[in-house]
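Report on one structure; see the data block that follows.
The values are calculated or read from the model by the stated rules, or taken from the named source; none is laboratory data. Here the structure is a predicted model, which means the values were calculated and not measured. Neighbour counts are summed over all protein chains in view; Cβ atoms, including those assigned to glycine, are modelled from backbone coordinates with ideal geometry.
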Amino acid sequence: MTVNAKQAKVRFNSGKKIGLGQIILLLCVLLFTVFCAAPVLLVFISAFADEMYINQHGFSFFPQVWSMNGMDSVLRYGNQLVQSYLVTIFVTVVGTLLGLLIMSMYAYSISRHGFMLSKFLSVFLLIPMLFNGGQLAGYIVFTSWYGLKDNLLLLILPLCVTTMNVIILRTYIANSIPGELMEAATIDGAGNYRTFFQITLPLLKPSLAAVGFMMATAYWNDWQNALLYITSNNKKPLQLLLINIQKSIEFLLNNNNVPAAARAAMGNTIPQYSSTMATVIVVIAPIMVIYPFFQKYFVKGLTVGSVKG
Amino acid sequence: MKGFFHNTWKHRAHVVMALPAFLVLLFIMYVPMSGLVLAFEKFDYSKGIFGSEWVGLANFEFLIKSKNTFLTMTRNTVLYYLLFTAVGTFLNIVVAISIDQLAFKRMAKTMQTLMIIPVFISYAAVQFIVFAFIDSRTGLINNTLGTNIRFYSKADYWPWILLIVKVWKDTGYGSVLYMSVLAGIDTSLYEAADIDGANKWQQIRHITVPSLIPMVTVMLLLSVGNVMRSDTGLFYQVTRNNGALYNTTQVIDSYILNQILKSSNFGYTAAASFFQSVVGLLLMLFANFTVRKIEPENALF
């Protein structure tokens, strides 16, 4: 959409007087917003509510007793928490940057006119979306053929290139970057690499921001690959830590053989309410903080078109 | 042929640029396809994929004989796909149009920001949030209603719980894609309709909705190939992988994940996996074929 069209739209909308319909619509959207936001709010409230209070009165949006117990018990994970943070940050940053670079190069290549291989490359990109080996085949091939086990590559590579993201980047190149611009650069003597890195890549920024942010979220939130492949503590990402916490709570709840001393050390209750919520905050907070900076690219940068070139 | 080589050499820079992603796709997506032959073998880890004993269709026979598990998980997978796709697409469009139509632009923006947040929370974390709502003793729902419903042991409730969680998590973000289409609609269309005396409803029906159709088609087509695949986190994490709920919550993907973690019966698991891949492919080809017959413009390939 051009700037002119956007301005015209704003004028068009604000020129109308606000009627009853608008008020009802606003209330409906507001209601849905509350539905989406309330559970997140509950996490923050519960993390700072008193463990014993929740144990006795249940979760509440208005707890009567507040406490920092939850946050304290998160800090008790100490080094493991720091280590898991580092692993998750490493995987997220490396995976996202690598993925953006190689996917945009691929998208650029298949959108070149007169490049005969681009048809084949488009089909090659599309097939994995139609047909793939599934979890089990992947698991066996990665562990037995590639010999990768307990390796961070298994957290990075599987999420690195996705058909959908290449399609989004490709659509953006086709729709929003004038082909004449790149042709002109070539005529002026810029090589293919230079055209890509100095003309296309900077213009691709809105799409890179939107896709990159979604990739970063996918990396940050990936628990499945970690659960399947990661065994050693120093490679454990945050999500696996979260799963382990859940498992140990279940273990303690279902196991009567836990020594009395251990139970007493935990204040006679297993810290499972405010402390898990506090852990959830620690895990989701970084994304919440970064997200508003990227939101402006969402509508502009995420458009999907057909794959056929 | 000579022309082809000449063309490729001329575009060698593009070949080089496509190569890294090509290799990742090859090793991560294509090579594991060969693992599908496991479905016809009695897999032995030490002998590898091509060394294991060939057993023909035995794995499939077993799978079909274990009727209950297999039928239940296939039924669940398909029904959840239909439910989520129908409700999800509808809500995505309704939310996108509502936000687009709101005259309070700044408020609309803020509300959209809040709506998108749940998509960024992993299912490993979501399950703690769901617990806070539905636990039988401390859960918010039971406390508010003064009841003592044991959601974690009653399978009947779970289709609704999972639907609500899915809608909560994905609707805000799902509507963004449709908003990008709405933002691209030529505003002169609305102005012309306005002059011709069309009211808001008529404008939405005759301008907004039709312009969303191609996007809806593309998104549905992209999803059809995944009929047999599910959002594993939703079914594995949110249900806490609770055996008592399998009747309504076990899907093929969560079954396979469980089997891999228990490392048992790779043969049957592979058969289920094979079934999943092949059915997905057939449905996708069929769907694309149908769309191409009706509206060639909207077909995916």
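Pick out, from region B:153-272, the helices (runs of 4 or more DSSP H) lying fully within it that include 2 or more residues that are of a type in the set (A, V, I, L, M).
Values: elements: B:158-183, B:187-195, B:200-203, B:209-224, B:232-236, B:246-249, B:252-262.
The qualifying helices (runs of 4 or more DSSP H) are B:158-183, B:187-195, B:209-224, B:252-262.
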Considering only helices (runs of 4 or more DSSP H) fully contained in region A:11-121, which possess at least 3 residues that are in contact with a Gly (Cβ under 7 Å, 6 or more places away or on another chain)? A:78-110
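Scanning for something more than 7 Å from chain A (Cβ to nearest Cβ), on the phi < 0 side of the Ramachandran plot, touching a residue at least 12 places away in the same chain (Cβ under 8 Å) and touching a Cys at 6+ places or on another chain (Cβ under 9 Å), does region B:139-151 turn up at least one residue?
Here is the first cut: in region B:139-151, the ones more than 7 Å from chain A (Cβ to nearest Cβ) are B:141-142, B:144-151.
Next, only the ones that are on the phi < 0 side of the Ramachandran plot stay: B:141-142, B:144-145, B:147-151.
With touching a residue at least 12 places away in the same chain (Cβ under 8 Å) added as a condition, the list becomes B:148-151.
Of the ones still in play, those that are also touching a Cys at 6+ places or on another chain (Cβ under 9 Å) are none.
No.
Inside region A:174-218, can you point out the residues that are polar (S, T, N, Q) and under 17 Å from B:Ser180 (Cα atoms)?
Start the filter on region A:174-218 by keeping residues that are polar (S, T, N, Q), which leaves A:175-176, A:186, A:192, A:195, A:198, A:200, A:207, A:217.
Listed by number, the residues that qualify are A:Asn175, A:Ser176, A:Ser207.
Okay, residues lined up against (1) surrounded by fewer than 22 Cβ atoms within 10 Å (Cβ to Cβ); (2) acidic (Asp, Glu); (3) farther than 30 Å from B:Gly267 by Cβ:
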position	(1), (2), (3)
B:Ile164	yes, no, yes
B:Val167	yes, no, yes
B:Gly197	yes, no, yes
B:Lys200	yes, no, yes
B:Gln203	yes, no, yes
B:His206	yes, no, yes
B:Val227	yes, no, no
B:Phe235	no, no, no
B:Ile252	no, no, no
Looking at region A:198-224, which of the residues that are touching a helix residue (DSSP H, G or I) at 6+ places or on another chain (Cβ under 7 Å) and away from chain B (no Cβ under 13 Å) is nearest to A:Val283 (Cα to Cα)? A:Gly212
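I'm trying to understand the selection: among the residues of region A:184-204, which are closer than 12 Å to A:Ser104 by Cβ and surrounded by 13 or more Cβ atoms within 10 Å (Cβ to Cβ)?
Within region A:184-204, A:Phe196, A:Phe197, A:Thr200, A:Leu201, A:Leu203, A:Leu204 qualify.
Yes or no: B:Tyr178 closer than 30 Å to A:Leu242 by Cα and either in contact (Cβ under 8 Å) with a residue 60 or more places away in the chain or outside the structural domain of B:Asn288 (by TED's automatic domain parsing) (or both)?
Details: closer than 30 Å to A:Leu242 by Cα: no; either in contact (Cβ under 8 Å) with a residue 60 or more places away in the chain or outside the structural domain of B:Asn288 (by TED's automatic domain parsing) (or both): yes.
Against the criterion (closer than 30 Å to A:Leu242 by Cα and either in contact (Cβ under 8 Å) with a residue 60 or more places away in the chain or outside the structural domain of B:Asn288 (by TED's automatic domain parsing) (or both)), B:Tyr178 does not qualify.
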Among the numbered conditions (1) within 30 Å of the chain's Cα centre (by Cα); (2) surrounded by fewer than 17 Cβ atoms within 10 Å (Cβ to Cβ), tell me where A:Phe213 comes up short. (2)
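Let's see how each residue does on (1) more than 28 Å from A:Lys300 (Cα to Cα); (2) of a type in the set (S, T, N, Q); (3) modelled with pLDDT under 90:
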site: B:Asp194; (1), (2), (3): no, no, yes
site: B:Gly225; (1), (2), (3): no, no, yes
site: B:Arg229; (1), (2), (3): yes, no, yes
site: B:Thr248; (1), (2), (3): yes, yes, no
site: B:Leu257; (1), (2), (3): yes, no, no
site: B:Asn265; (1), (2), (3): yes, yes, yes
site: B:Gly280; (1), (2), (3): yes, no, yes
Working only within region B:112-129, note down all residues that are among the small types (Gly, Ala, Ser) and assigned to a helix (DSSP H, G or I). B:Ala124, B:Ala125
Tell me which residues, restricted to region B:239-257, are over 14 Å from B:Phe70 (Cβ atoms), within 12 Å of chain A (Cβ to nearest Cβ) and not charged (D, E, K, R). B:Asn241, B:Asn242, B:Leu257
Of everything in region B:169-186, what is out of contact with any Ser or Thr (no Cβ under 6 Å at 6 or more places or on another chain) and within 18 Å of A:Asn175 (Cβ to Cβ)? Give them in sequence order. B:Val176, B:Leu177, B:Tyr178, B:Met179, B:Val181, B:Leu182, B:Ala183, B:Gly184, B:Asp186
Checked region B:61-71 for anything surrounded by fewer than 18 Cβ atoms within 10 Å (Cβ to Cβ) and in contact (Cβ under 8 Å) with a residue 24 or more places away in the chain; matches are B:Phe62, B:Ser66, B:Thr69
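Look through region A:165-182, keep the residues that are among the polar types (S, T, N, Q) and within 16 Å of A:Tyr106 (Cβ to Cβ), and return whichever of them is farthest from the chain's Cα centre (by Cα).
Within region A:165-182, the subset among the polar types (S, T, N, Q) is A:165, A:171, A:175-176.
Next, from what is left, pick out any that are within 16 Å of A:Tyr106 (Cβ to Cβ): A:165, A:171.
On the way: A:Asn165: 13, A:Thr171: 21 Å.
In this case the residue turns out to be A:Thr171.
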Are any residues in region A:136-183 assigned to a helix (DSSP H, G or I), without any contact (Cβ under 8 Å) to a residue 12 or more places away in the chain and under 23 Å from B:Asn265 (Cα atoms), and if so, which ones? A:Leu136, A:Ala137, A:Ile140, A:Val141, A:Ser144, A:Trp145
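Check region A:235-253 and report whether any residue there is part of a loop (DSSP other than H, G, I, E, B), within 13 Å of chain B (Cβ to nearest Cβ) and modelled with pLDDT of 90 or more.
yes
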Taking region B:1-41 on its own, how many of its residues are basic (Lys, Arg) and under 26 Å from A:Leu154 (Cα atoms)? 0
Only residues that are under 23 Å from A:Val280 (Cβ atoms) and assigned to a helix (DSSP H, G or I): list them for region B:130-152, please. B:Val130, B:Phe131, B:Ala132, B:Phe133, B:Ile134, B:Leu140, B:Ile141, B:Asn142, B:Asn143, B:Thr144, B:Phe151, B:Tyr152
Requiring at least 2 residues that are within 14 Å of another protein chain (Cβ to nearest Cβ), β-branched (Val, Ile, Thr) and over 25 Å from the mean Cα position of the chain (by Cα), the helices (runs of 4 or more DSSP H) wholly within region B:1-101 are B:12-25
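Check whether at least one residue in region B:188-210 is facing chain A (nearest Cβ under 10 Å) and aliphatic (A, V, I, L, M), and report yes or no. Let's see the steps before the verdict.
To start, the set of residues in region B:188-210 that are facing chain A (nearest Cβ under 10 Å) comprises B:188, B:190-191, B:194, B:199-201.
In the following step, the residues that additionally are aliphatic (A, V, I, L, M) were identified as none.
Scanning region B:188-210 turns up no residue that is facing chain A (nearest Cβ under 10 Å) and aliphatic (A, V, I, L, M).
Being more than 12 Å from chain B (Cβ to nearest Cβ), buried (at least 22 other Cβ atoms within 10 Å of the Cβ) and at pLDDT 90 or above narrows it down to one of A:Thr96, A:Thr88, so name that one. Full working, then the answer.
Numbers: A:Thr88 fails: more than 12 Å from chain B (Cβ to nearest Cβ).
Going through A:Thr96, A:Thr88 in turn, the sole match is A:Thr96.
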Do we have any residue at all in region B:210-230 that's free of Cβ contacts under 8 Å to residues at least 24 places away in the same chain and in the same structural domain as B:Asn288 (by TED's automatic domain parsing)? yes
Pairs needed: first member in region A:69-86, without any contact (Cβ under 8 Å) to a residue 12 or more places away in the chain; second member anywhere, part of a helix (DSSP H, G or I); C-beta distance under 8 Å; at least 6 residues apart or different chains. A:Leu75/A:Leu81
